[in-house]
Each structure stands twice: as structure tokens, then as C-alpha cells.
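The values are calculated or read from the model by the stated rules, or taken from the named source; none is laboratory data. Keep in mind that what you see is a predicted model, and the values were worked out from it rather than measured. All Cβ positions, even for glycine, are placed from backbone atoms using ideal geometry, and neighbour counts span all protein chains on display. SASA here: full protein model, heavy atoms, side chains in, ligands and nucleic acids out. Shrake-Rupley method; radii C 1.70, N 1.55, O 1.52, S 1.80 Å.
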Amino acid sequence: KSFALNIDGTSQYASVPNAPNLNITNAITLAAWISPTFIAASTSRILTKAVMGSTNAFELSTASSGKVFVRFNQQTSLDGLRINSLTSYPLNTGVWMHVAATYDGTTIRLYVNGVQESSLTSTFTIGTNTASLFIGRQNGGTPSYYKGRIDDARIYNRALTLAEIQQLALISSNNN
């Protein structure tokens, strides 16, 4: 993971300008390798196209509880379309965790290191917007910076299968 994005938690992040292929509405996969270095007092964004309280879309984040979560359409659903990991994220420098979340049009699933940890059945359309995709902070509002490293961040316009998630985690872990 020598080419990982190393984010300081106060001002660093990456962004990708809005594009039609980032406005995914029906099925999605969000995935990344993470190595956080502290538990923030609030949510820290890994990948997000949403803005807390004002713009629907998707986010993969770390919570102050020490868990990873995925959330959709927070502006209108609050936490109704949110699921949390069971496993806490690592806080030791050099320890990595693969996180992935999928939505297939009927079920949200959250995976840690290739194992499905939670799911929620719900049918909805993922909100779209003109915001950029942010890695390591929220776009607008309170930035909610992430502190640590993020590597191999991916977004797919379909829900990967369990086998594909496991393969993605396996292939990526071999590149440490």
C-alpha cells in the first residue's frame, strides 16, 4: 500500500469532479482499503457524494463508535438507509481493513475483509446531484475529514457478488 492516499485529518482529501457515471441510482458497490489512525469525534468520510443534511446520494464512512458504515439518501431518510459494521476498524499504523458496501435495488450489504457483516432490505433510488465525489472528507457542510490512509477506492455501477468482493479483497491484500 505504498501508493495509498495519506490524509492528515485536517485539510487533505481527494476529489473527482461530478460526472454522469458517478450519479448511480439503482445498484452500486463502494469499496476501499482503509487504515485509520484515530477515532474522530464525529463521522469521517471515506467515499462520499452526499452532503450531510442537504444532499442525497451515498457515503462510506467511519463513525465515532469505531465502526464503518454505509448510508444512502441521508437528507430524506436520516439513518433509515444506514448499516454499520460489527467489526471495529483498526487504529494501528500499518494495519489495513477492506470495506465494501453494495446495493442491488433491494438490499444494502456491508462487508469487512470479504465477509458480509450486515444487511438491510429496502427498495429506493439513490439520490443524484452535481457534487463532486470526495475521498477523505465530506463535500460542503462540515468537512468531516478522515485521518489515515485510503487505498484502492472503487465505485461500481452494479452490486458485486460475494465472490467478487472476496476476490477484490484478496487481490488487493496481496499488494501490501
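Observations on the model:
- Filtered residues of segment 54-79 (kept if surrounded by fewer than 21 Cβ atoms within 10 Å (Cβ to Cβ), touching a helix residue (DSSP H, G or I) at 6+ places or on another chain (Cβ under 9 Å) and either at pLDDT 95 or above or closer than 27 Å to F3 by Cβ (or both)): N56
- If you go through segment 123-160 and keep only what is out of contact with any helix residue (DSSP H, G or I) (no Cβ under 8 Å at 6 or more places or on another chain) and open to solvent by 70 Å² or more (accessible area, probe 1.4 Å), you end up with T123, T125, T128, T130, T142, K147, R158.
- Screening segment 88-163 for strands (runs of 3 or more DSSP E) wholly inside it with 3 or more residues that are over 14 Å from E59 (Cα atoms) returns the ranges 107-112, 115-121, 147-156.
- Selection within segment 1-33 - in contact (Cβ under 8 Å) with a residue 24 or more places away in the chain and touching a Leu at 6+ places or on another chain (Cβ under 9 Å): Q12, Y13, A14, S15, V16, P17, N18, L22, T29, L30, A31, A32
- Hits in segment 10-53 - residues which are open to solvent by 10 Å² or more (accessible area, probe 1.4 Å), under 22 Å from T142 (Cα atoms), hydrophobic (A, V, I, L, M, F, W, C) and part of a strand (DSSP E or B): A14, V16, V51
- Residue within segment 103-122 that is closer than 16 Å to N23 by Cα and either crowded, with 17+ Cβ neighbours inside 10 Å or without any contact (Cβ under 8 Å) to a residue 60 or more places away in the chain (or both) present: yes
- Unmet criterion (only one of (1) closer than 25 Å to V51 by Cβ; (2) modelled with pLDDT of 95 or more; (3) surrounded by 15 or more Cβ atoms within 10 Å (Cβ to Cβ)) for I165: (1)
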